[in-house]
1. Inspect all residues belonging to region B:197-211 and state whether any of them is under 24 Å from the mean Cα position of the chain (by Cα), closer than 22 Å to residue B:72 by Cβ and within 14 Å of another protein chain (Cβ to nearest Cβ).
2. Return only the number of the condition from (1) loosely packed, with under 13 Cβ neighbours inside 10 Å; (2) over 19 Å from the mean Cα position of the chain (by Cα); (3) modelled with pLDDT of 90 or more that residue A:143 does not satisfy.
3. The conditions are (1) over 19 Å from residue B:146 (Cα atoms); (2) away from chain A (no Cβ under 14 Å), and residue B:373 fails exactly one of them. Which is it?
4. Out of everything in region B:394-408 that is surrounded by fewer than 21 Cβ atoms within 10 Å (Cβ to Cβ), more than 8 Å from every other protein chain (Cβ to nearest Cβ) and in contact with a helix residue (DSSP H, G or I) (Cβ under 7 Å, 6 or more places away or on another chain), what residue ends up being farthest from residue A:243 (Cα to Cα)?
5. Output the number of residues of region A:38-66 satisfying the condition of being within 11 Å of another protein chain (Cβ to nearest Cβ) and within 29 Å of the chain's Cα centre (by Cα).
6. Could you count how many residues in region B:104-125 are in contact with a helix residue (DSSP H, G or I) (Cβ under 8 Å, 6 or more places away or on another chain) and under 24 Å from residue B:82 (Cα atoms)?
7. Which one is farthest from residue A:221 (Cα to Cα) among residues in region A:245-293 that are under 16 Å from the mean Cα position of the chain (by Cα) and crowded, with 24+ Cβ neighbours inside 10 Å?
8. Please count how many residues of region B:67-93 are part of a strand (DSSP E or B) and either surrounded by fewer than 21 Cβ atoms within 10 Å (Cβ to Cβ) or not assigned by TED's automatic domain parsing to the domain that holds residue B:47 (or both).
């Protein structure tokens, strides 16, 4: 009797999961294995013949100073973006959970930039930085607008940060709002009866209780910060002099523009390892802070 | 529930419709001509191409279906087509060693074709790879410095400068007349490297020999007079140009030039005419050499981009594709194409009236007749070095490194990448 139902279970699993697993293998696993294989070749991406060259690509990769420039840019970008977007997102959500007038309108307004695609957004903001900012500077004399936006290393970095946060803040905010709304009012009331002020309530009651949302937001924002590409391409294009070239763009340029598919594959393997290790550590750290109810 | 029913009926109807149209086209196809696919990155030529292809279908029963992509993603798209088995029968090529290194295995040999002897030998030389002729040049686009004749006249410049000293004098005259001499947009690798960086390789005695040698054996550009002179020219354009050269994109640069906001733009050429016409602007433009030193003799050259096409050797219709290429270059329909698009034919026996194409084409013709043009060298540069050259030049222009450091970086990248 038991074995029969087990058999049935296997069949059920095959029927319901099989097609998805097959697709997953074809679309995700196979390219990953092929990519790992190409990283040991000198394939140019076009020719039908290539040679296996061992770990030469990995050696070349670490000797290339541009690889390090783009890794440094990406890591710094991830740190700054993750911190800023989560602090601001939480702050906005906290404010917009209060009883304010027009709260729904405000929530919608902060969310809307998220609907626009990154590529278009990049071009729009490029126009704002290069054409509108100088005019504002001329009219008001504010130095911030008179900077050479996107023309120096620092302004290219912060320009990208500004646009990225402007775009994705609303998304983080929505998740935090959902987290905050799920916290029962009982805890807050209990805290206020015990004489806790609003900062103490926030620090000791609210934040521990929305920790699952924080874990999720940190994970997502870290992952998305690593994967930035469309905004990078359309806003700075990696310039000036390849200082704002994120690792994703560096991989693309290596594989396609420089026609070194093997080297590009090696870099993408490193990229995968970087993301897996960093997000894994981060999820583990924040998970531990979550409280079980 | 009712809505779902209506929706279902509509879906079923749509399905029947597509099924019927599907069978209808399948029946027709038995009488249809050979169909070739054609992939290019000159979307502004698409309509004019279509007229040539319509004539081709009427004359030779060969139908060509065209598709175009932006030049910035063209080669990546072509690569995707190759890998997915959808390689076009005829495809656009930017001729040069580096591009042929990558694509030569996919190109059919065009050596025996009739047109070969009637195309300028300087271009044929660049389309030759290991003794095979891999591409057919269709139209030439001359470039170097595009200048605004009216603004030059306004500043009282009667004779074109022929040395960098004279160019500086011209800039001063322009500034005195309240005209911005140069507009620069050093933000695009195609412009800064592939087009403009041809200059230091070409401005010397026996330039072709030198270039082939450094492509083969590498070189040292740091102490080279022509490279240093080229940086003098870059300095000059920055001195007499806009401040935001490192953030301005090429569309803004082009529109500034055709709107008369600056008198000169380097690295641009004959394509500016169709851009101005499309924008409905009437501008009086000429073409002059990039001037980097006071050696008039070696400075007096123009550069040339031959828009060329290859036949895919894995195509089922290689012979038909060759016929189509020949037709695109030599037929009456082709002449009409060149005239309408203002494209300079790469075919010496073409009956197109060059003088009707405007002053830039005439300027280019005079250099071509004296054999003082070079095919753009950029597409021959090692692929992996192109981005490095771009970054090093930008870094220099931004004042982040010295000329020696910039040239040293370029030399290192060049020598590291030539034999990849």
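1. No; the residues of region B:197-211 include none that is under 24 Å from the mean Cα position of the chain (by Cα), closer than 22 Å to residue B:72 by Cβ and within 14 Å of another protein chain (Cβ to nearest Cβ).
2. (3)
3. If we test residue B:373 against (1) over 19 Å from residue B:146 (Cα atoms); (2) away from chain A (no Cβ under 14 Å), just (1) comes out false.
4. Taking region B:394-408 as the starting set, the residues that turn out to be surrounded by fewer than 21 Cβ atoms within 10 Å (Cβ to Cβ) are B:395, B:398-405, B:408.
Pick out the ones that are also more than 8 Å from every other protein chain (Cβ to nearest Cβ) and you get B:399, B:401-405, B:408.
If we keep only those that are in contact with a helix residue (DSSP H, G or I) (Cβ under 7 Å, 6 or more places away or on another chain) as well, we get B:401, B:403.
Details: B:401: 14, B:403: 19 Å.
This residue is B:403.
5. Adding up the residues that qualify gives 6.
6. Matching residues across region B:104-125 total 4.
7. So the residue we want is A:245.
8. Filtering region B:67-93 for residues part of a strand (DSSP E or B) gives B:67-68, B:90-93.
From what is left, the residues that are either surrounded by fewer than 21 Cβ atoms within 10 Å (Cβ to Cβ) or not assigned by TED's automatic domain parsing to the domain that holds residue B:47 (or both) are B:67-68.
Final tally of qualifying residues: 2.
The values are calculated or read from the model by the stated rules, or taken from the named source; none is laboratory data. Note that the structure is predicted; figures quoted are calculated from it, not measured. Neighbour counts are summed over all protein chains in view; Cβ atoms, including those assigned to glycine, are modelled from backbone coordinates with ideal geometry.
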